[in-house]
Amino acid sequence: MVALNAVPVGQPFRVEKICGPESFVERMYELGLVPGTVATVLRHSLLGGTVQLRTGTTTFAIRLPAAAAIMVTPLREQPIPHSCQKSGEMTASSSS
C-alpha cells in the first residue's frame, strides 16, 4: 500500500484505508472514496497542491494532505492484445 499522493498520473488504484478524523473519513465516503473503490489519478496540479481523480463518472480534486491520508493499492493495467497478436505473445512496447 502507498499513500494516494504518491500515485503517478494515469495509474489506476484501489482504495484500501482512509485515515484521519471521522469528519474527514465521512467526507471522503461522500465523494465515493470508500475501501474497495477503484479510481484513477488524472493529474497533479502544476504547483503540487491537489490531485485530480476519477472514480466512475465522477471527477474531483483533493488536496495533497488529504491524499496523504488515503492508503491505496496501485493496480496494473492489463494490456489490450493487438488483433494480430497470438495469445500470450507480447510486443516490445508491452514488455517494458
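Since every read-out is calculated from the coordinates, none of them should be taken as a lab result. Remember, it's a predicted structure, so these values are computed and weren't measured experimentally. Quick reminder, even Gly has a Cβ in these numbers, built from the backbone with ideal geometry, and neighbours come from all protein chains shown.
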Under-5 Å amide H pairs with Leu53, H placed in peptide plane, nonlocal only: Leu42, Phe60, Ala61, Ile62
Cα gyration tensor shape of the range 2-74, rounded if a/c is under 1.5, else prolate or oblate by comparing a/b with b/c: rounded
Protection proxy ranking of 8-15, 48-55 - average other beta-carbon atoms within 10 Å, highest first: 48-55, 8-15
Two-site FRET efficiency, Phe24 against Ser45, from Cβ-Cβ distance with R₀ of 22 Å, rounded to 0.05: 0.65
